[in-house]
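These notes concern the structure reproduced below.
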Amino acid sequence: MASTNKDILKQSSQLGNLARPQVAILDFGSQYSHLIARRVRELQVYCELYSCLVTAEELGQHELTAVILSGGPNSVYEEGAPHVCEGVWKIIKERKIPVLGICYGMQELAHVFEGKVAPGLKREYGKATVSRVEGCDSPLFAGLPKDFTMWMSHGDKLHEVPTGFKAVGGTSNADYVAIENISSQMWGLQFHPEVTHSPMGKDIIKNFVVSIAKAKQDWVMTDYANEFIEEVRAEVGP
């Protein structure tokens, strides 16, 4: 029997460390979700990948430094499209956790906070020049020039900015490819900073994870390997 989208989303796996502060990546089914995790780990920051359908009970067990919402193949306005549960949004609000939405993740922010997402006049796939809004001093773009190249892959786009947000970047095809709400510590990007085709994407991810979310750069993959070995030994013996 073929797996459904929800089956695939539920299969996202975690490293499973309850004690360590972490960046939580909520996976909406994007082919790039594991690449987002890789970019965060390259910063020596601990992160875990979860299904976007993760429950508040499960996610709430962890000390969350930040939440990243991945891209995905669905349209947020379609019936049956995946959405972050209300309990997770409550945790984010109560703990004041910074959020970065990427592609579908940005559209999820719009869906939740009363923006408007609809099909664009044309699908955008490939490199595009992103221009910062005049006077933009967004901490997400700290150190970046006024114009920079990023990778786009979307058919839907944001037509109205969600409540409390403002536009901080656009392209010739879309006025709202980067948005922010400083008071709630939320940012949205229509483009993919995690891919190699976005030359300054790593800078954006670092700005969010390290400068904005204040995540500690104290983790390397060998730490996980050692922790995993110790867990196995504790369960089955030396």
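The values are calculated or read from the model by the stated rules, or taken from the named source; none is laboratory data. Keep in mind it's a predicted model, so treat the numbers as computed, not measured. Counting neighbours? That spans all protein chains shown, and the Cβs are built from the backbone with ideal geometry, glycine included. Ligands, DNA and RNA are excluded from the accessible area calculation, which covers all protein heavy atoms including side chains. Shrake-Rupley method; radii C 1.70, N 1.55, O 1.52, S 1.80 Å.
Scanning region 200-224 for residues that are open to solvent by less than 10 Å² (accessible area, probe 1.4 Å) and free of Cβ contacts under 8 Å to residues at least 12 places away in the same chain yields a total of 0.
Going by what's in this entry, would Glu79 be described as charged (D, E, K, R), at negative phi and in contact with a Pro (Cβ under 7 Å, 6 or more places away or on another chain)? In short, no.
Kindly indicate the residue of region 58-78 that is part of a strand (DSSP E or B) and aliphatic (A, V, I, L, M) and also surrounded by the fewest Cβ atoms within 10 Å (Cβ to Cβ) among those meeting that condition. Once the filter is applied, the top-ranked residue is Leu64. In summary, Ala81 fulfils each of the numbered conditions (1) in contact with a helix residue (DSSP H, G or I) (Cβ under 9 Å, 6 or more places away or on another chain); (2) in contact (Cβ under 8 Å) with a residue 40 or more places away in the chain; (3) surrounded by fewer than 18 Cβ atoms within 10 Å (Cβ to Cβ) with the single exception of condition (2). Within region 152-169, restricting attention to residues that are at pLDDT 90 or above and open to solvent by less than 10 Å² (accessible area, probe 1.4 Å), the residue that is nearest to Lys116 (Cα to Cα) is Pro162. A single member of Val99, Val130 is of a type outside the set (Gly, Ala, Ser), modelled with pLDDT of 95 or more, surrounded by 19 or more Cβ atoms within 10 Å (Cβ to Cβ) and within 29 Å of Met221 (Cα to Cα), and it is Val99. Summed over region 174-199, the residues that are open to solvent by 30 Å² or more (accessible area, probe 1.4 Å), farther than 17 Å from Cys136 by Cα and not small (Gly, Ala, Ser) give a count of 3.
With the condition kept exactly as written, say whether any residue in region 157-166 is aromatic (Phe, Trp, Tyr) and over 15 Å from the mean Cα position of the chain (by Cα). Yes: region 157-166 contains one or more residues that are aromatic (Phe, Trp, Tyr) and over 15 Å from the mean Cα position of the chain (by Cα). Look at region 31-57: where a residue is assigned to a helix (DSSP H, G or I) and a partner is open to solvent by 10 Å² or more (accessible area, probe 1.4 Å), sitting 6+ places away or on another chain with Cβ atoms under 6 Å, you get Ser33/Asp27; Ala56/Gly87; Ala56/Ile91.
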